[in-house]
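Taking it in order: structure first as structure tokens, then the write-up.
Read-outs throughout are calculated quantities, based only on the coordinates presented, and are distinct from any laboratory measurement. Every value quoted in this text rests on a predicted model; they were computed, and no experiment measured them. Ideal geometry is used to build each Cβ from the backbone, glycine not excepted, and the neighbour counts take in all protein chains shown.
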Amino acid sequence: MPSLRFRGELVLVGLLAALGVYVLVQTPAIVVPPSAATAGPRLFPYLVGGLLIVVAALLAVQVLRGRTAPPEDGEDVDPDRGTDWRAMFVVIALFAVHALLIEPIGWPLAATALFAGTAAVLGARRWVVVLVSSFALAIGLWSVFVFGLGAYLPGGPFQMWT
């Protein structure tokens with residue numbers, strides 16, 4: 001019977017292969033405008049899907065030959081300590097609340113709540129620093145998407161800037 005780590009690496013192989021197949025199956029649904037050049041919008045997804053499958057196959061060969069990665073010896077990891085399920089569920093709840101708040105209050109404020117809440121759950125205690133840095137990161141990311149990439153993210157009270 002393979003070790004737990006060995007099975008985990010085979011699960012990663014399966015996930016990579018499944019993701020590659022999914023990308024390849026969904027790529028033909030991309031609409032190609034008549035004005036598209038020779039390398040249209042389907043080229044990159046085909047490359048990524050194919051590379052995912054190739055990497056999965058190569059990784060499977062290595063794992064089945066017994067060449068597995070060494071276990072991580074992280075200095076800040078306590079292997080005897082269990083998973084903090086409460087923190088994990090709170091972070092999941094924060095993502096759900098973020099998704100619900102994007103339209104009513106705008107992406108920057110919803111993201112600020114997500115970032116600050118996650119930092120608090122993970123142990124941050126300097127509240128002013130957490131709130132200011134969360135807000136700055138949220139405004140910066142929103143600006144990159146809205147002004148740099150031309151994507152629409154509701155700005156809430158900052159919508160007047162667009």
Practice item. Tell me, yes or no, whether the range 24-33 has at least one residue that is on the phi < 0 side of the Ramachandran plot, surrounded by 12 or more Cβ atoms within 10 Å (Cβ to Cβ) and outside any loop (DSSP other than H, G, I, E, B). Key: yes
Exercise for review: Give me the pairs, please: first residue somewhere in the range 50-70 and free of Cβ contacts under 8 Å to residues at least 24 places away in the same chain, second residue anywhere and of a type in the set (Phe, Trp, Tyr), beta-carbon distance under 9 Å, and either six or more positions apart or on two chains.
Suggested key: Gly66/Phe6
**Study point:** Tally of residues being over 22 Å from the mean Cα position of the chain (by Cα) and loosely packed, with under 11 Cβ neighbours inside 10 Å across the range 121-135
**Key:** 3
